[in-house]
Amino acid sequence: MEKITTHSGVAAPLKRSNVDTDQIIPAVYLKRVTRSGFEDGLFAAWRNDPEFVLNQDAYRDATILIAGPDFGTGSSREHAVWALQNYGFKAVISSRFGDIFRGNSGKSGLLAAEVDEKVVQALWDFVEANPGAPVTVDLESRTVSAGEGVDRIEDSFSIDDYTRWRLLEGLDDVAITLSHEDDITAYEAKRPSFKPATI
Amino acid sequence: MGKTMAEKIWDDHVVRSHAGEPDLLYIDLHLIHEVTSPQAFDGLRLSGRSVRRPDLTLATEDHNIPTTDLDKPIADIVSRTQVETLRRNAEEFGVRLYPMGNLDQGIVHVVGPQLGLTQPGMTVVCGDSHTSTHGAFGSIAFGIGTSEVEHVLATQSLSQAKPKMMAVEVTGALQPGTTAKDLILALIAQETTGGGQGYIVEYRGEAIEALTMEERMTVCNMSIEWGAKAGLIAPDETTFEFVKGRQHAPTGAEWDAAVQYWKSLVTDDDAHFDKVVTIDASTITPFVTWGTNPGQGVPLSASVPDPATIEDANERVAAERALEYMGLTAGTPMRDIDVDTVFIGSCTNGRISDLRRAAELIEGRKVADNTRILVVPGSVRVRLQAEEEGLDVIFKEAGAEWRGAGCSMCLGMNPDTLVPGERSASTSNRNFEGRQGKGGRTHLVSPDVAVATGVLGHLASPADLPPVPATAGV
């Protein structure tokens, strides 16, 4: 996984709440057996609408998404994270994420930055007043920032310590766990014999 | 201080605990299907890893599976490729697979309990958010993403931060004509789609204890729809009775040891819940959704709500959008909403008891002229059981379509989809925009409401149905 430290880029305001993973990528686009190529399905139902934020010139090349609360609820499909990444997104900012989506983001290297609701509003106001102006998400200092001078926005975001560390180091979760394989083997030795097996 | 049931199960599965890190939890059962596993197996191949415990892993085909023409290859080539990829992966990595055509094929969350693989006190994961279903047995069961599927395949464990604990106290008793589905829909409407976020919830109280296992599965299935990490119900005699004698259930002395352990898992009297919410089951009536998330629901006897009366700005805007998408006007009585398609099935309500109830209600009646009813059993065994009982004949005589097993119209990955603007009453779990097909409009309902709706052509409950004509059955 690529290391993430800080990212600055164009931020797109997605001014909707409860954007579930079916909206991020509908089921009909989940049939690929690779991790790539899902960008075509991203927000598929809305992409034909010329007014949709990613169809506007200023936000077309956005790498940061600023979304309303409860982003990524619903289905566990990691394809939602891949679709955002395949499109070019590096970070998503919201005041609340679906649990599984946030977990998937951490595993896949998409930075899910949880901020206070008023920060989302401030960032929406900023990017709409300054379309295409960069927003910065700094994982090291856990801050989001944008603008300069009196209009500058800077606030903290929350992400758990462990995910932050893994993202900063670009570590493979499976490799970390396999370094504790002795613990797994020891646990298996004491599992009750009444536990079921599939074979 | 005592522990909650979830804390006990959690603690019993900790492989490794270290300050500042999530716990490493052992996984007792890993269920797999064709949609969320191919990239995980690819990951194993790329890193030269194997499946650590094929004997704790089970695969089936469900999301893409057609429900008609079952003797022919899957027509959609992309779907077929995905299914064939699962078959190759299962073969290569030594994972047991129940493919199309096998007696044990079906929706993954119907298959696990049916085989007796889902038991109390377990950790169960699957790359599917409705894994919460298995919590009905008193297990910690939750959906995971594909990276985590790969992690479990390689290590049989998962790094997890311990969620907070919530109790849902269901007081009173469900009234006749009101189902487990109405209960969970009413609860989600009360707590909203984000209300359970960060919690493992334990459903408890008189009304929960009175539920059958299949009804408990309906409740736990929708835990994810209010954002909970998992939902579970204390194992009791109802649970033991359901598990006993199934293919993978323990026997003899092992059974006794298991039951003794399972009984020890019940939440201690002095356990602490971080949050307690209460709902009075006796006040609940048939419940339906009007919007585009499962929290946007009202009693069937109510009307489409007016967004202007919603205080929270985000909820208000969401409601306005939802009404536009759903093609509904505030103030319209829910019963006045005409429905094109009724879907009876899914991991929420596709079990034999759901089909029995639906058949009982539709017997001697006819599907309304402008409506169709699709009945999709949750598994091949459910289908065969229903056919043995003659339920298929009852459905077909009423004019409903009797199909093969799978996820089907719950998410429309197979050909069973709505067309734009088509309105459904569905016993499934999600009414998201486009969930059942692009532009489709979904109302979540119980099997009872589904049947009544299919017969009358508009949202309705069995109480609205005229008596069965006396000539029926002659």
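Scan (1) surrounded by fewer than 24 Cβ atoms within 10 Å (Cβ to Cβ); (2) under 15 Å from the mean Cα position of the chain (by Cα); (3) more than 11 Å from chain B (Cβ to nearest Cβ) for the single condition residue A:1 breaks and write down its number.
It is condition (3) that residue A:1 fails.
Taking segment B:5-20, which residues are within 19 Å of residue A:181 (Cα to Cα) and either assigned to a loop (DSSP other than H, G, I, E, B) or among the basic types (Lys, Arg) (or both)?
Those that are within 19 Å of residue A:181 (Cα to Cα) and either assigned to a loop (DSSP other than H, G, I, E, B) or among the basic types (Lys, Arg) (or both): B:12, B:13, B:16, B:17, B:18, B:19.
Among the listed residues A:188, A:148, A:128, A:181, identify the single one that is farther than 30 Å from residue B:245 by Cα, within 11 Å of chain B (Cβ to nearest Cβ) and surrounded by fewer than 18 Cβ atoms within 10 Å (Cβ to Cβ).
A:181
Where in segment A:81-191 are there strands (runs of 3 or more DSSP E), lying fully within it, with 2 or more residues that are free of Cβ contacts under 8 Å to residues at least 40 places away in the same chain?
Those strands (runs of 3 or more DSSP E) span A:91-94, A:143-146, A:153-156.
Look through segment B:345-380, keep the residues that are more than 30 Å from residue B:128 (Cα to Cα) and β-branched (Val, Ile, Thr), and return whichever of them is surrounded by the most Cβ atoms within 10 Å (Cβ to Cβ).
Per the criteria, the residue is B:362.
Residues are listed down the side, and each one gets a yes or a no for (1) open to solvent by 20 Å² or more (accessible area, probe 1.4 Å); (2) at pLDDT 95 or above:
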position	(1), (2)
A:52	no, yes
A:55	yes, yes
A:74	no, yes
A:111	no, yes
A:118	yes, yes
A:132	yes, no
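It is to be established whether one or more residues within segment B:182-190 are within 28 Å of residue B:281 (Cβ to Cβ), more than 14 Å from chain A (Cβ to nearest Cβ), out of contact with any strand residue (DSSP E or B) (no Cβ under 6 Å at 6 or more places or on another chain) and of a type outside the set (S, T, N, Q).
Yes: one or more hits.
For segment B:21-51, give me each residue that is more than 8 Å from every other protein chain (Cβ to nearest Cβ), in a loop (DSSP other than H, G, I, E, B) and either buried (at least 19 other Cβ atoms within 10 Å of the Cβ) or modelled with pLDDT under 95 (or both).
B:27, B:33, B:34, B:37, B:51
Could you list, in sequence order, the residues of segment A:65-78 that are within 8 Å of chain B (Cβ to nearest Cβ) and either touching a Gly at 6+ places or on another chain (Cβ under 9 Å) or without any contact (Cβ under 8 Å) to a residue 24 or more places away in the chain (or both)?
A:69, A:70, A:73, A:74, A:75, A:76, A:77, A:78
Tally time: how many residues in segment B:395-411 are in contact with a helix residue (DSSP H, G or I) (Cβ under 6 Å, 6 or more places away or on another chain) and surrounded by fewer than 22 Cβ atoms within 10 Å (Cβ to Cβ)?
2
Got a number for residues in segment B:308-330 being over 19 Å from residue A:23 (Cβ atoms), modelled with pLDDT of 95 or more and within 14 Å of chain A (Cβ to nearest Cβ)?
Counting residues in segment B:308-330 that are over 19 Å from residue A:23 (Cβ atoms), modelled with pLDDT of 95 or more and within 14 Å of chain A (Cβ to nearest Cβ) gives 0.
State whether the residues of segment B:116-129 include one that is in contact with a Gly (Cβ under 6 Å, 6 or more places away or on another chain), part of a helix (DSSP H, G or I), within 12 Å of chain A (Cβ to nearest Cβ) and in contact (Cβ under 8 Å) with a residue 60 or more places away in the chain.
There is at least one residue in segment B:116-129 that is in contact with a Gly (Cβ under 6 Å, 6 or more places away or on another chain), part of a helix (DSSP H, G or I), within 12 Å of chain A (Cβ to nearest Cβ) and in contact (Cβ under 8 Å) with a residue 60 or more places away in the chain.
Go through (1) touching a residue at least 12 places away in the same chain (Cβ under 8 Å); (2) out of contact with any Leu (no Cβ under 9 Å at 6 or more places or on another chain); (3) open to solvent by 10 Å² or more (accessible area, probe 1.4 Å) one by one and return the number of the condition residue A:46 breaks.
Single failed check for residue A:46: (2).
Yes/no matrix, rows are residues, columns are (1) open to solvent by 10 Å² or more (accessible area, probe 1.4 Å); (2) more than 12 Å from chain A (Cβ to nearest Cβ):
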{"site": "B:144", "(1), (2)": "no, no"}
{"site": "B:150", "(1), (2)": "yes, no"}
{"site": "B:153", "(1), (2)": "no, no"}
{"site": "B:158", "(1), (2)": "no, no"}
{"site": "B:168", "(1), (2)": "no, yes"}
{"site": "B:173", "(1), (2)": "yes, yes"}
{"site": "B:176", "(1), (2)": "yes, yes"}
{"site": "B:195", "(1), (2)": "yes, no"}
{"site": "B:199", "(1), (2)": "yes, no"}
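Quick one: in segment B:238-261, which of the residues that are closer than 28 Å to residue B:274 by Cα and either away from chain A (no Cβ under 14 Å) or touching a Cys at 6+ places or on another chain (Cβ under 8 Å) (or both) is surrounded by the most Cβ atoms within 10 Å (Cβ to Cβ)?
Only one residue tops the list, namely B:239.
The values are calculated or read from the model by the stated rules, or taken from the named source; none is laboratory data. Everything quoted here is computed from the prediction, not taken from an experiment. Ideal geometry is used to build each Cβ from the backbone, glycine not excepted, and the neighbour counts take in all protein chains shown. Surface areas here come from the heavy atoms of the whole protein model, side chains and all, with no ligands, DNA or RNA. Shrake-Rupley method; radii C 1.70, N 1.55, O 1.52, S 1.80 Å.
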